[in-house]
Amino acid sequence: MANVSSTTTSTSTSAYSAHGLSGLASGLDTESMVQAMLVGTQNRIDAQNQKIQVLEWKQSQYRDITKSLLNLQNSYFSFSSGTTNLRTAAFFDQLTLNSTNSAISVTNSTANADVSFTINSVKQLATASKLMGKTNVSGNLVFNINPDKWAEVPKDNKKISLSLDGVSKDFVLEGDNVNDVVTNLNEDLKAKFGDNVKAVYDEANKKLEFVTYDYQRDDDGKIKTDAEGNALVTISNNRKVSVTANNTELKAFLGATENTNSNKIQLGLSAASQNINGLTAAIRKETQEVTTTNDDGTTTTETKEVDVGYYKFSINGEEFEFESDTSITAIMQKINASNADVTMAYDSLNDRFTLTSKTTGAGVDIELEDLEGSNFLKSVFGEAGNAGYKKTVGDNAILEINGLEVERNTNSFDVEGVLVTLNSTTTEAAKVTGKSNTDDIVKGITDFVKAYNEMITSVIKKTTESADYADYPALTEAQKKEMSEEEIEKWEAKAKTGLLRGDATLRGMLSNFRSVLYLKDEGGLALYDIGITTNTDGTLKVDENKVKEMCKTNLEGVKNLFVGNGEIATDASGNKKAAASNGLAGNINLMLDRYAKTSSASAGILVKKAGYENTASDSDTGNSIAKEIKSLKEYLERLQDKYDSERSRYWKKFTSLEKLISNGNSVSSYFASMSGGYY
C-alpha cells in the first residue's frame, strides 16, 4: 500500500489557546498532547470521510455509465432522434421521392428499391357521400308565453338583453298585458335595430316569435321603399338572434328553460330544450326516486313511475339511443365515434346538420331510420326531397397511370410501394421517381455499432481495470495539506481506479446486452446474416460491404431484424420482456430502459443504485448510494460532536493543571522572597 503520513505535529509558542492555558506554567505543549489524546476519534472521523468519498466516486462512475446508456438511447432509439431511430420502420423506408406535379404528392410506403412511374392525368378525385340536412332546422326564436305569470314579474326587474348577429342591446318590458308588452318592445326594437328584427305574438297559441329580416336592395345596393317611403324587407333565416333573461319570474313568463335562448342551435344544450321544429321523443315508463319539499321545509322521497323521453334511431344500420335531455354535442360525439362510419356536423351559417361518410368512393350510401316513434333524424335532417335533406353520392378517383386508366375509391393509395395522394385534378403528367437511400441506412447502422461499442467498451474497462484503489485510500484533509495539487490529483486518480472492478450489476448488464443480440424469429435474419458479428469481449464487428449488400437485396428482412412487429412483448404479469418479435432495436432499447430509465415511477437499475442528475433520484434518499452516504454523514456528525466534547474536556483538565502549577509557583516564590532567597 502506498503511504502518506497522517501524523501532524503542532508546536505552539502561544501561552493561551481558545480552549485554555497552553503550557504557560508547566511548559507543556498542551495542543499537541490534546491532539494525541484525540487521535483515536480523529481516525474514526477520517475513516468515515474516506468511506463517504469512495461512495461519491462510485456514484459518479455509475452515473457516467448511465449517461452513456442514455446518449446511445437518445441517438438511436428515441422518437426525438428523428432520422436515426432504428426502432421505426420509417428509418428503413428511406426513398428520395419526387413528383413533377404538385397535384400529386408522394411519400414512402413499402418500396425497398428504386421506383419510377408516370401519372398521366387525374380526371376525377374520390369523394365521400354526403347528406345535407334541411336549412333553418331551428327556425325562428319562439317562446311559449305564460300570460298569467306577467303579474308576478317584479316591476324593477323586467329587463331582457336581445342580441342580433352579435350586437346586444338591453330592453325593459312594459305594458299591462302581453299585447302591450309586444307593442312597446317592437317600438324599442325599431329604434335600436331598425327593421331587422320584430316580435310577433300569436295570442291564440300564446307564442311569442322573434322574426329577423333583411332589407330589399336594388342593383345599386340601395334599400327599396314602398310608395309611402317605408323600407321593404324580406324574412331572413340566416341571422342569429338571442334573448337573455336572468330573472326567474321573467323566465317563467317567457316559458324559457335557459337564461339565454337563441334561434340557432346551441350544441351544448339538449335538442328538447331548443326550438327544433316538430321534434318528438318516444316515451317509456321508469321507476325513479322522486324527492319533494313539504310546506314545513322537510323533504319526502317516494318511488314513482315517471315518463322518460328518449330518441332511438339508426344510421347505416348502427343503432343509437339517447334520453331527451342529452346534449346535441354528446349525441354528435357518440355518432362520430361509432361504427356508423359517418361524421355529423352543424353548419351554423345555414342552420343545418350534415352527415359525411368517412369512406370515400362509389357505392357508399348513408341510410337513416327513426325508431320506436321518436323522430330525431327527421326533425334535424328533414325528409328526402327539396324541402328536406339532399344526398350526394360519393365517387371514385379516376386517373391514368403509365397510360392505363384506373379507378381508386380513395385519393391516397399505393403504387409500387409508394403512397400516392391526389390533391387535385390535372391534365399535366406527373413523373414519380424514388431512389433508395441505402447509403444513409448503412451509415445509420454502422454509426450505431460504433456508438454501441464505445458504450460497451467503457463499461468493460470499469469492470476489469486494476484495483489500484486498494493501495490508494482516499486522502484525509490532514494528508492533503501536506501535498501539492498535482500530487493530490495523481493520488486520487489511482484511488478511483478499480472501484467498479468485477461489479455484479455491470457484469449482469453486459450479459443481458449480449443475450438479446441474437434473438431471432424462425425464418428471420440474425445480425451475422447482415454482416455484424460479436467479438469475444461483447463488442460488435461490422462488415460494411455486406451490410450494404443486404440493404440493397433484402431491405425488408433487415428492417424486420431491427424493428420486429413494432411492439414489445410482455410476460404473464404484464412486464415487458426481451423477445425476438421485439426486433433488435426494441430489445436493446428495453435493456437501456431496464438500466438507465430516469422516470421515478420505473427507474432503471443503475438509477436506483446511484441516481441521475436533475431527476427525482438525485436526492439524499433517491437512490441506494445516496441513502448510504446520508447514513454515514449522520454517524459522522455524531463522531464530530464526540470529538468536540472530548477536546473540550481535555482542555479543561490541562487548564486546571496549569492553574494549580501557577498557584504552586506563586507560593514557592513567596517563601523564597521571605527567606531571602534561601528557601
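The values are calculated or read from the model by the stated rules, or taken from the named source; none is laboratory data. Every value quoted in this text rests on a predicted model; they were computed, and no experiment measured them. Every residue, glycine among them, receives a Cβ derived from its backbone with ideal geometry; neighbour counts consider all protein chains shown. All accessible areas refer to the heavy atoms of the entire protein, side chains included, with ligands and DNA or RNA removed. Shrake-Rupley method; radii C 1.70, N 1.55, O 1.52, S 1.80 Å.
Brief remarks follow.
- For beta carbons closer than 9 Å, sequence separation of 6+ or different chains, a first residue in region 266-292 that is more than 22 Å from residue 254 (Cα to Cα) and touching a residue at least 12 places away in the same chain (Cβ under 8 Å) and a second that is among the aliphatic types (A, V, I, L, M) and assigned to a loop (DSSP other than H, G, I, E, B), the qualifying pairs are 281/271; 281/272.
- Of the criteria (1) open to solvent by 30 Å² or more (accessible area, probe 1.4 Å); (2) assigned to a helix (DSSP H, G or I); (3) over 19 Å from residue 586 (Cα atoms); (4) touching a Ser or Thr at 6+ places or on another chain (Cβ under 9 Å), which one residue 514 fails: (3)
- Among the residues of region 110-157, the one identified as part of a helix (DSSP H, G or I) and surrounded by 19 or more Cβ atoms within 10 Å (Cβ to Cβ) is 150.
- For region 596-640, residues that are part of a helix (DSSP H, G or I), more than 19 Å from residue 53 (Cβ to Cβ), out of contact with any Asp or Glu (no Cβ under 9 Å at 6 or more places or on another chain) and of a type in the set (Ser, Thr, Tyr) total 1.
- Selection status of residue 643, in a helix (DSSP H, G or I), touching a helix residue (DSSP H, G or I) at 6+ places or on another chain (Cβ under 9 Å), at pLDDT 85 or above and not aliphatic (A, V, I, L, M): yes
- Only one entry of 679, 635 meets the criterion of being of a type in the set (Ser, Thr, Tyr) and at pLDDT below 90, and that entry is 679.
- Here is the figure for region 573-627: residues that are over 30 Å from residue 525 (Cα atoms), more than 24 Å from the chain's Cα centre (by Cα) and of a type in the set (D, E, K, R) total 4.
- Residue ID - surrounded by the most Cβ atoms within 10 Å (Cβ to Cβ), chosen from residues in region 295-342 that are assigned to a strand (DSSP E or B) and of a type in the set (A, V, I, L, M): 342
- Residue check, residue 594 more than 16 Å from residue 86 (Cα to Cα), surrounded by fewer than 16 Cβ atoms within 10 Å (Cβ to Cβ) and basic (Lys, Arg): no
- Apart from one condition, residue 213 fits all of (1) in a loop (DSSP other than H, G, I, E, B); (2) under 20 Å from residue 161 (Cα atoms); (3) hydroxyl-bearing (Ser, Thr, Tyr); the exception is (1).
- Pair list, Cβ under 6 Å, 6 or more apart: region 445-460 residue under 20 Å from residue 94 (Cβ atoms), other residue among the charged types (D, E, K, R): 446/544
- So residue 227, is it among the aliphatic types (A, V, I, L, M) and outside any loop (DSSP other than H, G, I, E, B): no
- Any hit, region 544-564, residues being hydroxyl-bearing (Ser, Thr, Tyr) and assigned to a loop (DSSP other than H, G, I, E, B): no
- Subset tally (residues that are open to solvent by 60 Å² or more (accessible area, probe 1.4 Å) and in contact with a strand residue (DSSP E or B) (Cβ under 8 Å, 6 or more places away or on another chain)) for region 171-187: 2
- Residues that are within 37 Å of the chain's Cα centre (by Cα) and buried (at least 18 other Cβ atoms within 10 Å of the Cβ) were ranked within region 267-287; the one that is nearest to residue 326 (Cα to Cα) is 270.
- Verdict on residue 523 being assigned to a loop (DSSP other than H, G, I, E, B) and either open to solvent by 60 Å² or more (accessible area, probe 1.4 Å) or in contact (Cβ under 8 Å) with a residue 60 or more places away in the chain (or both): yes
- Hits in region 158-170 - residues which are assigned to a loop (DSSP other than H, G, I, E, B) and surrounded by 15 or more Cβ atoms within 10 Å (Cβ to Cβ): 158
- Options 293, 356, 360, 301: the member that is within 33 Å of the chain's Cα centre (by Cα), farther than 21 Å from residue 271 by Cβ and among the β-branched types (Val, Ile, Thr): 360
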